[in-house]
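K.L.:
Supplied in C-alpha cells, the structure appears directly below.
The values are calculated or read from the model by the stated rules, or taken from the named source; none is laboratory data. Quick caveat, the model's predicted, so the values are computed rather than measured. Positions of Cβ are generated from backbone atoms using ideal geometry, with glycine treated the same way; all protein chains shown enter the neighbour counts.
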Amino acid sequence: MVKGREPFAAPAGAADYRRRVAASAERNRDPILAVLTRVLPAAGTVLEVASGTGQHAAYFAPRLPRLVWQPSDPDPEMRASIAAWVAGTGAANLKPPLDLDVRSPSWPIDSADAVVAVNMIHIAPWAACEGLLAGAGRLLDDGGILYLYGPFHVGGRPTAPSNAAFDDSLRRRNREWGVRDVDDVTAAAAAHGLELSETVDMPANNLSVVLRRA
C-alpha cells in the first residue's frame, strides 16, 4: 500500500539527494511533538507507520531520547528518503526504515509500545485504515498507544469548511480516499481491542486521535 503524497523536494544544499522535504511536516511537527511528549510512554519502542519523507522521525527521535523510534514505509523512494534523514540525524535511538504494508497480516516487527501514523488514513483506502488498526491491535500490549493525526470528520460532519473541501478533492483524486470520521475509526478500532482515549484539537483544523489498547 502506497499512500498518496503531497509535493516534495530535496532541501537546498542537502548532503544527500535522496532526502525529501514535505512542507506540511515542517509546519505540524511541533504541535504533534507536544501531544506525543504527553501521551507516549516514557520509554520503549515507537513504530511510525507511513513515515513518508522521514522528517518527523528525524525531528522526534532526538527530542524523545528514551524512546526507540522505528520508521517504516511501503514506498522504496520514501524509504530511501527516510534512510537519508536517519543518516543525517545521527540519533542513536532512530532506526533504519522498515518495509511495512499495513494491509499485510504479518508486520516486520515483533512488538512496540506505541504506533504513530501521521497524515495517513485519509490518503489511503479504508482497507489501509483497517489494516493499521488490526496491526496495532496485534502489536500493542495492554495500555499501548495508537496515535493518529490528520483531518477528521466528527459525528458525520466536517469540523470546518476547509475539511469538507479537502474531502471532496481527495475523493475526486481517488474514490477510495477521504477524510475519515472519528466515530467510524473508533468503531473499527474496538474490534481490535483499541479504545478512544482522547482527541486533541490541532492547528489547521486537524485532530490528534489517541487510542489505547484495552
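K.L.:
Regarding the stretch 60-72, can at least one residue be identified that is under 24 Å from Arg171 (Cα atoms) and not in a helix (DSSP H, G or I)?
P.N.:
No: the stretch 60-72 contains no residue that is under 24 Å from Arg171 (Cα atoms) and not in a helix (DSSP H, G or I).
K.L.:
Restricting attention to the stretch 96-106, and to residues there that are of a type outside the set (Asp, Glu), assigned to a loop (DSSP other than H, G, I, E, B) and surrounded by fewer than 21 Cβ atoms within 10 Å (Cβ to Cβ), which single residue is nearest to the chain's Cα centre (by Cα)?
P.N.:
Selected residue: Arg103.
K.L.:
Scan the stretch 23-42 for residues that are part of a loop (DSSP other than H, G, I, E, B), surrounded by fewer than 20 Cβ atoms within 10 Å (Cβ to Cβ) and in contact (Cβ under 8 Å) with a residue 40 or more places away in the chain and report the count.
P.N.:
Residues flagged as part of a loop (DSSP other than H, G, I, E, B), surrounded by fewer than 20 Cβ atoms within 10 Å (Cβ to Cβ) and in contact (Cβ under 8 Å) with a residue 40 or more places away in the chain within the stretch 23-42 amount to 1.
K.L.:
Here's another thing I want to ask about it. Inside the stretch 147-181, can you point out the residues that are basic (Lys, Arg) and farther than 21 Å from Val49 by Cα?
P.N.:
Arg157, Arg171, Arg172, Arg173, Arg175
K.L.:
Name, by its number, the condition in (1) touching a helix residue (DSSP H, G or I) at 6+ places or on another chain (Cβ under 6 Å); (2) in contact (Cβ under 8 Å) with a residue 40 or more places away in the chain; (3) farther than 29 Å from Ala43 by Cα; (4) of a type outside the set (Lys, Arg) that does not hold for Asn174.
P.N.:
Only one criterion is unmet by Asn174, namely (1).
K.L.:
How do the pairs read when you match residues in the stretch 134-152 that are among the β-branched types (Val, Ile, Thr) with residues anywhere that are not in a loop (DSSP other than H, G, I, E, B), using Cβ under 7 Å and keeping only pairs 6 or more apart or on different chains?
P.N.:
These pairs meet every condition: Ile145/Val39; Ile145/Ala114; Ile145/Val210; Ile145/Arg212.
K.L.:
Is there a residue in the stretch 37-45 that is touching a Gly at 6+ places or on another chain (Cβ under 9 Å), over 16 Å from Ala91 (Cβ atoms), at pLDDT below 95 and not small (Gly, Ala, Ser)?
P.N.:
No, the stretch 37-45 has no match at all.
K.L.:
Quick one: would you say Leu170 is part of a helix (DSSP H, G or I) and surrounded by fewer than 21 Cβ atoms within 10 Å (Cβ to Cβ)?
P.N.:
yes
K.L.:
Mind listing whichever residues of the stretch 157-167 are surrounded by 14 or more Cβ atoms within 10 Å (Cβ to Cβ) and part of a strand (DSSP E or B)?
P.N.:
The answer is Pro158, and nothing else.
K.L.:
Name the single residue, out of those in the stretch 54-95 being farther than 18 Å from Ala112 by Cα and touching a Phe, Trp or Tyr at 6+ places or on another chain (Cβ under 6 Å), that is surrounded by the fewest Cβ atoms within 10 Å (Cβ to Cβ).
P.N.:
Ala58
K.L.:
While we're on this one: Hey, could you check the stretch 173-214 for residues that are aliphatic (A, V, I, L, M) and assigned to a strand (DSSP E or B) and say which is farthest from Gly131 (Cα to Cα)?
P.N.:
Across the stretch 173-214, the extreme among qualifying residues is Met202.
K.L.:
Quick one: Arg63 ticks every box in (1) touching a residue at least 40 places away in the same chain (Cβ under 8 Å); (2) more than 17 Å from the chain's Cα centre (by Cα) bar one, so which box is it?
P.N.:
Checking Arg63 against (1) touching a residue at least 40 places away in the same chain (Cβ under 8 Å); (2) more than 17 Å from the chain's Cα centre (by Cα), the one that fails is (1).
K.L.:
From the list Ser208, Ser169, Ser197, pick out the single residue that is farther than 22 Å from Thr37 by Cα and modelled with pLDDT of 95 or more.
P.N.:
Testing whether each residue is farther than 22 Å from Thr37 by Cα and modelled with pLDDT of 95 or more leaves just Ser169.
K.L.:
Does at least one position in the stretch 182-199 carry a residue that is among the hydroxyl-bearing types (Ser, Thr, Tyr), surrounded by 21 or more Cβ atoms within 10 Å (Cβ to Cβ) and in contact (Cβ under 8 Å) with a residue 60 or more places away in the chain?
P.N.:
No, there is no match, as no residue in the stretch 182-199 is among the hydroxyl-bearing types (Ser, Thr, Tyr), surrounded by 21 or more Cβ atoms within 10 Å (Cβ to Cβ) and in contact (Cβ under 8 Å) with a residue 60 or more places away in the chain.
K.L.:
Looking only at the stretch 200-214, count every residue that is touching a residue at least 60 places away in the same chain (Cβ under 8 Å), closer than 14 Å to Tyr147 by Cα and surrounded by fewer than 16 Cβ atoms within 10 Å (Cβ to Cβ) and tell me the total.
P.N.:
0
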